[in-house]
Each structure stands twice: as C-alpha cells, then as structure tokens.
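Every number in this text was worked out from the coordinates using simple rules, so none of it is lab data. Note that this is a predicted model, so its numbers are computed, not measured. Because the Cβ atoms are built from the backbone with ideal geometry, glycine has one as well, and the counts that use them run over all protein chains shown.
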Amino acid sequence: MTPSRSKQKLLVILAVGLILNLTLIFAVGWTFYQHINSLYNALKEKRRELAGLEEKERRLKDLEHTLGDLKSGIETIESTFFTSGSVVQFLQTLEAAAHRSDVQLTVESADVADPKASVKESSFVITVTGGFQQIYAFLGRVSQAPYHIYFSSLNIAASDGAHTQAHVALTVLSQ
C-alpha cells in the first residue's frame with residue numbers, strides 16, 4: 001500500500017464514520033425533537049383546558065355571588081307559599097290580625113292542598129265578628145300577610161245593632 005492510497009482509505013473511513021455519526025446524531029436529535037414537540041403540544045392543550053376551567057370557575061363564583069345577593073329575595077318568595085306544615089303558623093297570623101283589629105275570629109273549615117294537584121291551593125272559611133271598621137281593618141291586615149292570599153268570597157251582614165259578621169272564604173297558594 002502506498003502512502004497516498006492509505007491516506008485515501010483513511011479519509012474514506014473518516015468520512016464514512018463522520019457521516020454515520022452525523023446520521024446517528026440527527027436521528028437521536030429528531031427523536032428528541034418529536035418527543036419534546038409532542039410534550040409541548042400536550043402542555044399547550046392542558047393550558048387551554050386550564051384556562052377554560054378557570055373561566056368556568058370565575059363564572060361559578062360570579063353566579064354564587066349573584067345567588068348570595070338574591071338569597072333573601074328567594075327566601076321571601078318561598079316563604080309566601082303556604083305549606084301543609086305551616087297551618088298553625090298561618091292560623092296564628094290570622095289570629096294576630098284579628099287581635100290587632102279587635103274582632104272575633106272563628107275558623108269554620110280548613111282544606112289543605114292536595115300535593116298531587118297541578119295548582120296547589122289551600123282553602124279556609126272563617127267568620128269574623130266585630131264592627132264594620134274593625135272587620136275592614138282585619139281584611140286589610142290579612143291581605144298584607146306574607147302569603148299569596150285571595151278572597152274567594154266575602155259576605156258581610158249585620159248580626160245585631162252593634163256587631164257585623166263577615167263570612168270569608170280565603171284561598172292560599174301552596175307548595
């Protein structure tokens with residue numbers, strides 16, 4: 001072998017080795033690049049999901065705050081509906097109105113709403129005895145009671161010279 005031939009062979013071996021090393025480095029680099037790129041894309045997607053969840057959380061906090069602001073109003077509306085468990089409380093409201101109006105109150109009948117009915121209404125028939133002005137004041141107080149009440153019927157008649165008697169049918173919206 002001549003020195004130039006051995007130099008050429010050495011150069012070829014070096015060139016092949018360099019090409020193989022560069023190919024290996026490129027293949028490993030490309031594999032790392034693809035792996036890093038997939039992790040980057042997954043991270044980017046998770047950031048979008050996190051931003052969406054944070055927006056939902058912000059909206060929920062706003063709704064919670066709004067609900068807190070409306071809570072007393074909602075409780076007021078719910079308390080205006082008569083429930084079957086609040087018969088005594090309703091009758092106490094009627095008795096308090098009668099006492100403040102200085103009239104005699106007699107409950108003739110009470111019919112609590114059927115829970116299966118589409119429109120739930122409870123009915124009460126009462127008799128109120130007293131002066132006309134006192135009965136009028138009683139009816140005003142009852143109409144201002146914290147329930148959805150309407151007068152189904154109202155009959156007022158003089159029972160004797162000093163007293164007037166009113167027969168009242170009340171209907172109360174129920175839950």
Packing-based exposure ordering (other Cβ within 10 Å, fewest first) of Tyr136, Tyr33: Tyr33, Tyr136
Calculated from backbone phi, Karplus (6.51, -1.76, 1.60) coupling profile of region 151-158 in Hz, x at Gly/Pro: 8, 6, 8, 8, 10, 10, 9, 6
Listed residues Trp30, Leu94, Leu60: farthest to the positive end of the dipole of the chain (Cβ charges): Trp30
Cα-projected label distance for Leu173 with Ile25, points at 7 Å along beta-carbon direction, nm: 8.3
The chain: antiparallel DSSP beta bridges as a percent of all, rounded to 5: 95
Per-residue Cβ neighbour rank within 10 angstrom, fewest leading, Phe138, Phe132, Phe124: Phe132, Phe124, Phe138
